[in-house]
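Undergrad: Dumping the structure here so I can ask a few things about it.
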Amino acid sequence: MQVKGSVCVTLAGFMVERITNTPKHTEWSRTVLDRLVGWGFPPEVQQRIGALGIVWGVFETNLESALWAFRDEDVAGVRPSTDNSTVSEWIKEFGEGSYKFDNDVQDILQLASLTANDLMEYRHALVHGWLIPFPSGPTFIRNPRWNGELRKRDSNDAHVDENLLDMAIDAVWVLCNIVFSARTACKNSSAAQQLLVMKTDLARARS
């Protein structure tokens, strides 16, 4: 016996209804994902782009609170000093460090800042750039000047493949751990040693 929108089967003498309807938004989502495969975004690449977006968001949000720790800033009930600034400004300030750290740690923070700035350019191009489906793999170009227009920001591009996205995900995860440790070290100076241990990982991310 078949009922519209479901399948009825007999199980131990009872009629059991198994719903088979797929919501329309799910159908269209799958259609879009399939279309992206045709544009050069296989499921493995789609997955990595999503992961990069998630981990970058973790980095950004924790970066802000790390700066509060650098400044000994109590934000309860007041507007934080970071509230009217950009992520690029947060990254720059993170590289300037804090009076709480010695020179070895300051060098780590400065290198992390440079790495984060480069990675931010890649991420921004990926999220905000024009999609160009090259045979070798998709590329995003941000702030192009195809019509002779003047741009406030420089043009940059982001090529997309599994290897590059793996490197980007690895790099931003390293940055997350540096931010976590730097914030902790503001209250516990022994945690600064963990930052020095990350020097090798940071060098890999920077490369």
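Undergrad: Of all residues in the range 94-120 being among the hydroxyl-bearing types (Ser, Thr, Tyr) and either outside the structural domain of Leu164 (by TED's automatic domain parsing) or not in a helix (DSSP H, G or I) (or both), which is surrounded by the fewest Cβ atoms within 10 Å (Cβ to Cβ)?
TA: Our first condition is that a residue be among the hydroxyl-bearing types (Ser, Thr, Tyr); within the range 94-120, this holds for 98-99, 113, 115.
Still in the list and also either outside the structural domain of Leu164 (by TED's automatic domain parsing) or not in a helix (DSSP H, G or I) (or both): 98-99.
On the way: Ser98: 19, Tyr99: 8.
Among residues in the range 94-120 that are among the hydroxyl-bearing types (Ser, Thr, Tyr) and either outside the structural domain of Leu164 (by TED's automatic domain parsing) or not in a helix (DSSP H, G or I) (or both), the one surrounded by the fewest Cβ atoms within 10 Å (Cβ to Cβ) is Tyr99.
Undergrad: Given (1) at pLDDT below 95; (2) on the phi < 0 side of the Ramachandran plot, where does Leu109 come up short, assuming only one miss?
TA: That leaves (1) as the condition not met.
Undergrad: Which residues, counting only those in the range 165-199, are without any contact (Cβ under 8 Å) to a residue 60 or more places away in the chain, in a helix (DSSP H, G or I) and more than 21 Å from the chain's Cα centre (by Cα)?
TA: Thr184, Ser190, Ala191, Gln193, Gln194, Val197
Undergrad: Which of the following residues is outside the structural domain of Ala185 (by TED's automatic domain parsing), of a type outside the set (S, T, N, Q) and either surrounded by fewer than 16 Cβ atoms within 10 Å (Cβ to Cβ) or touching a helix residue (DSSP H, G or I) at 6+ places or on another chain (Cβ under 8 Å) (or both): Arg123, Arg30, Arg48?
TA: Values: Arg123 fails: outside the structural domain of Ala185 (by TED's automatic domain parsing); Arg48 fails: outside the structural domain of Ala185 (by TED's automatic domain parsing).
Selected residue: Arg30, the only one of Arg123, Arg30, Arg48 that is outside the structural domain of Ala185 (by TED's automatic domain parsing), of a type outside the set (S, T, N, Q) and either surrounded by fewer than 16 Cβ atoms within 10 Å (Cβ to Cβ) or touching a helix residue (DSSP H, G or I) at 6+ places or on another chain (Cβ under 8 Å) (or both).
Undergrad: Of all residues in the range 51-93, which are in contact with a Leu (Cβ under 9 Å, 6 or more places away or on another chain), charged (D, E, K, R) and either farther than 20 Å from Ile108 by Cβ or surrounded by fewer than 18 Cβ atoms within 10 Å (Cβ to Cβ) (or both)?
TA: Glu73
The values are calculated or read from the model by the stated rules, or taken from the named source; none is laboratory data. Keep in mind the model is a prediction, meaning the values are calculated, not measured. Note that each Cβ is placed from the backbone with ideal geometry, even for glycine, and that neighbours are counted across all protein chains shown.
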